[in-house]
Amino acid sequence: MEDLFGGAAPYYARYRPGYGQAVIEHLAATLGADSRVLDLGCGPGTIAIPLARRVKAVLAVDPAREMLAEGRRLAKGVTNIAWLHGDSTALRALPAFDHVVMGRSFHWMDRRAVLAQLDELLPRGGAVVLIGPARQTGEPWQPVERRVCEEFGLDIRTAADSFHATGEHHHDVLVASPFGHLDSRVVTRRLTWDVDGLIGLQLSYSYSSPARLGDRLPAFVKKLRQALLADHPAGRWEQELSTEVLVARRPMVDLNRS
């Protein structure tokens, strides 16, 4: 994972859209102000930093040290976040937590194994929350980006347990797990992108990170800029971004057992 996102952390922090105030407020209300939350696969703190202001404490865990360093930089002055180097294979080594949140990181994990471990570690009312795109219909610039990526031999299917690789949605995995009671809320907002923003966004992805591109990075950026502007000379793109907050809990029949 460290190599996959090598050099991507600054682009991730700057160009990946945050989840927005409405999502964070709903998340905080769902988990509670006194909760200790594990942000598993935290990246540069996209969830951890705004959520920390609304809960008791956040454990921000990521396997990429560059992401953790960027998170610490961005979280200056936020004192209730513990930034920890680790991944989903070492959950038992972490301090206790009440809930776990994952923002676009679950697909990197052995999803069933992680949920089985969380069933052992989370308290009776503990929730598993996934935050990510509500639907993936494709954005107008994506065919251009995919074509350039293909020219450079970059493959989007880098996560072995992702929907792209398996065809199995997170919803299906959760329903078949101990956390089979699902509650979903979708928040939609509009974003405007320029060409620099789309290039930065592309460099935040694992399959087109600066480390993966290596010395081809300048050529890739030049080619992508030319292709985007040739396809859309106005240089501004509109996006309707729908984000789903998927809260998974154990069925109530299990929670009420004596």
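Since every read-out is calculated from the coordinates, none of them should be taken as a lab result. Because the structure is a prediction, the values reported are computed rather than measured. Here the Cβ positions follow ideal geometry from the backbone for every residue, glycine too, while neighbour counts run over all protein chains shown.
For the stretch 200-247, what are the residues that are hydrophobic (A, V, I, L, M, F, W, C), within 29 Å of VAL186 (Cα to Cα) and surrounded by fewer than 19 Cβ atoms within 10 Å (Cβ to Cβ)? Let's see the steps before the verdict.
Quick first cut of the stretch 200-247, residues hydrophobic (A, V, I, L, M, F, W, C) only: 201, 203, 211, 213, 217, 219-221, 224, 227-230, 234, 237, 241, 245-247.
Those still in the list that are within 29 Å of VAL186 (Cα to Cα) too: 201, 203, 237, 241, 245-247.
Selection gives TRP237, LEU241.
Can you pull out the residues in the stretch 96-155 that are closer than 26 Å to GLU240 by Cβ and of a type in the set (Val, Ile, Thr)?
The answer is VAL101, VAL129, ILE131, THR137, VAL144, VAL148.
Looking at ALA60, ALA93, which one is among the small types (Gly, Ala, Ser) and touching a helix residue (DSSP H, G or I) at 6+ places or on another chain (Cβ under 6 Å)? Break it down stepwise before answering.
On the way: ALA93 fails: touching a helix residue (DSSP H, G or I) at 6+ places or on another chain (Cβ under 6 Å).
So the residue among ALA60, ALA93 that is among the small types (Gly, Ala, Ser) and touching a helix residue (DSSP H, G or I) at 6+ places or on another chain (Cβ under 6 Å) is ALA60.
Filter the stretch 1-25 down to the residues that are crowded, with 18+ Cβ neighbours inside 10 Å and over 18 Å from LEU201 (Cβ atoms) and list them by number.
Passing the criteria: VAL23, ILE24.
Find the residue count for the stretch 70-86, including only residues that are more than 11 Å from ILE49 (Cβ to Cβ), out of contact with any Pro (no Cβ under 8 Å at 6 or more places or on another chain) and surrounded by 15 or more Cβ atoms within 10 Å (Cβ to Cβ).
Number of matching residues: 1.
Of the conditions (1) surrounded by fewer than 18 Cβ atoms within 10 Å (Cβ to Cβ); (2) farther than 28 Å from PRO210 by Cβ; (3) touching a residue at least 60 places away in the same chain (Cβ under 8 Å), VAL100 fails just one. Which one is it?
Of the numbered conditions (1) surrounded by fewer than 18 Cβ atoms within 10 Å (Cβ to Cβ); (2) farther than 28 Å from PRO210 by Cβ; (3) touching a residue at least 60 places away in the same chain (Cβ under 8 Å), the odd one out for VAL100 is (1).
With a cut-off of at least 3 residues that are within 22 Å of HIS171 (Cβ to Cβ), within 16 Å of the chain's Cα centre (by Cα) and aliphatic (A, V, I, L, M), name the strands (runs of 3 or more DSSP E) lying wholly within the stretch 1-112. Break it down stepwise before answering.
Working: elements: 36-40, 57-62, 81-85, 99-103.
Where strands (runs of 3 or more DSSP E) fall fully within the stretch 1-112 and carry at least 3 residues being within 22 Å of HIS171 (Cβ to Cβ), within 16 Å of the chain's Cα centre (by Cα) and aliphatic (A, V, I, L, M), they are 36-40, 99-103.
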